Amino acid sequence: MKSAARQARRLHLRHGLLQLALLIAVGLILSRAFQLQVLQGEQWRARAIAQHETRVPLPAPRGTIYDREGRELVVSRTTYEISVAPAELTDRGAAAEVIRSVLRLGPETTRRIVEGKRPWIRLPGAYSALEKEKLEERIPRGLHPRPVVDRFYPLGPLAAEIVGRVDFNGHGQSGLELAFDSLLTGQPGFGVRRRDATGASADWLTVTVVAPSPGSDVYLTLDAELQALAESVLEDAVRETEASGGDLLIIEPKTGELLAAASRRRSWRVPHLTAATEPYEAGSTLKPFTVAALLAESLAELSDTVNTGSGSYRTAGRTIRDEQPHGRLNLGQTLAVSSNVGMAIFAERLPKGVQFSYLRSFGFGTPTGLTYPSESPGLLRRPSEWSAQSQASLAIGYEVAVTPLQLAMAYGALANGGLLMRPLLVREAQSAEGTIRWRRDPEVIRRVVPEGVAGELRRVLARAVTQGTGRSAGVRGLSVAGKTGTAQRFDRRQGYSGHSYTSSFVGLIPSDDPQLVILVKLDEPSGAYHGGATAAPVMRTAVRAALAGSYWSAPPLMGEPEIPDEQAGVPAGRAPAGSPYVFALDTPLLRAQDDRLTAAVPDVRGLSLRAAAQRLHEAGWRVVVRGGGRVVSTQPAVGTELRRGERVLLVGGDLSPPRRSENPAGAG
């Protein structure tokens, strides 16, 4: 009995312990479940979701870069890098054939998809959204596209040295892409990629959580048509003269806006605007600024004369020579014929401090303030660092290094009545919502010379084109003022070379009220190297081509011609009183495509003046342009049989007198 009772108690104890253990286990399970489901529920749910989702960045498109008329120079576009996971494909052979046909890939790539053992194959190249969608429609599993934002150039390499480039990561590397990187760069967003319900690593679905914000758009002062013209003319000149490089600038002097800026070098790896970054000794194109200082300080008048003798002058142990003897010259003639001897003699009237002060006031030796990276300030030493020869050297354009941009802006001051303007390349930057985030308006830096002095110099520079060294820059039917320059190039090892030159020309168009400043510079041209023989004809070519452009209504190109209409190739009395300009383009640009002596005048009505002029030039006729805008009629009329070589008058629809650009800040 005692034994049975003891055994019952043990059994009862075991049952109690078992029940207690079960109770404790259930309690632990419940407490753990409470911990997981309630206390840590959000954390574990997030981890569960994380196993099926991946956070991915969504790149933001950079802002677009536009020209002055709203034409796209650089835009962002989204392309896709596509990778394939062969193990996830339901039919490798069919998928490979679809990829081959849609993406036009070679057999080697498709063979890797079918036979390869790699778990991940990235297809070469980048593909459009349309190509990606075509693939996804026919291959439901195993494709993994990744969006990539890159830069696209709708007009090709136009203005490449100005807009610059971005690096592999989409950050500005050069040019305006670098200068305005913080504004052009957008704010990236992010999304999540989810697996499907089966947990397979295919068929990702990307859901945008935070949308990317695009960068600001940048609007330039450049005109795309004029930029294309400048680049074409410069490339032809560099090739034909076998020069090592060159620069061409077209500037609106009343506002300081750059309408075109082209630079070319045979040796460069990355295009950049050398017109703003590489200074040079400008030679005779600097002479007008010595004359400006003499006139402004009343130290000379244009009628004052000096005797240049036989074209040789000894000063401070050095002999200065002219290309040919001129005898006695007044100050105006000295500048028009570009006499080194006469300029050196006249410069002796200037105190050194005054000479330095005017050169600095015209902007030499200091950055212009252009919104472009790595602009060079050039070199202009202070008078305390001059030698006994420096004053004469500076008067003829040596011992001073200037950039083409500095020189063009200095001539702009002569063109607009004596005001040095800050150069404008970028007008503004706008956000995607239209908010102005950056803006620069025309800005007067300082008055350099009185308006009357600037006017006197323009008249002298006009004579330099009609009677002096710049005759090759003349354009029939248009008054041009300008100055040639031919400077020996300096080599650190050999000094000044007698066989290497920089040729240049700066023109003001038209001379009475300049609306354009055009600078042409050629480095080391072969053969004829004088500025009047190489750079001046380039400027004339640029002007002739530009006159037929459709973009001159804003800003206006020219005022009234300064020679009678009959001398410009237009019969007397034909031009309406309100016609803003009449110009003759008196040399066909191309040889006629057939040998017939006569042909019918084609119907060019509705075309831009530039396009119509080019078509007529190609057919062998000379062209006279009247008015602006698009062609409304021709003289002779359309269909008239006309001998090749004769003139055709193109009449534009805009015959209203041109608006003058207002001189900022009350010029004068």
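The values are calculated or read from the model by the stated rules, or taken from the named source; none is laboratory data. Predicted model only: the values in this text are computed from it and were never measured. Quick reminder, even Gly has a Cβ in these numbers, built from the backbone with ideal geometry, and neighbours come from all protein chains shown.
Quick notes
- Residue within segment 266-285 that is over 32 Å from the mean Cα position of the chain (by Cα), of a type in the set (A, V, I, L, M), in a helix (DSSP H, G or I) and crowded, with 24+ Cβ neighbours inside 10 Å present: no
- S387 vs. criteria in contact (Cβ under 8 Å) with a residue 40 or more places away in the chain, more than 19 Å from T315 (Cβ to Cβ) and not basic (K, R): no
- Filter pass, A87 being in a helix (DSSP H, G or I), among the small types (G, A, S) and touching a residue at least 24 places away in the same chain (Cβ under 8 Å): yes
- Each residue in segment 299-329 was checked for being buried (at least 17 other Cβ atoms within 10 Å of the Cβ), in contact with a Ser or Thr (Cβ under 7 Å, 6 or more places away or on another chain) and more than 24 Å from A388 (Cα to Cα), and 2 of them qualify.
- Among the conditions (1) part of a helix (DSSP H, G or I); (2) surrounded by fewer than 24 Cβ atoms within 10 Å (Cβ to Cβ); (3) not charged (D, E, K, R), L407 misses just one, which is (2).
For every residue, the table says whether it meets (1) polar (S, T, N, Q); (2) over 32 Å from the mean Cα position of the chain (by Cα); (3) crowded, with 20+ Cβ neighbours inside 10 Å.
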| site | (1), (2), (3) |
| --- | --- |
| N340 | yes, yes, yes |
| P351 | no, yes, no |
| V354 | no, yes, no |
| S361 | yes, no, yes |
| S374 | yes, no, no |
| L379 | no, no, no |
| G397 | no, no, yes |
| T403 | yes, no, yes |
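- The one condition in (1) closer than 30 Å to R489 by Cβ; (2) free of Cβ contacts under 8 Å to residues at least 40 places away in the same chain; (3) hydrophobic (A, V, I, L, M, F, W, C) that I436 fails to fulfil: (1)
- Put simply, of T315, T305, T290 the only residue that is within 20 Å of L461 (Cβ to Cβ), in the same structural domain as V444 (by TED's automatic domain parsing), hydroxyl-bearing (S, T, Y) and over 40 Å from the mean Cα position of the chain (by Cα) is T305.
- Residue under evaluation P383, criteria (1) outside the structural domain of A410 (by TED's automatic domain parsing); (2) closer than 24 Å to A454 by Cα, criterion not met: (2)
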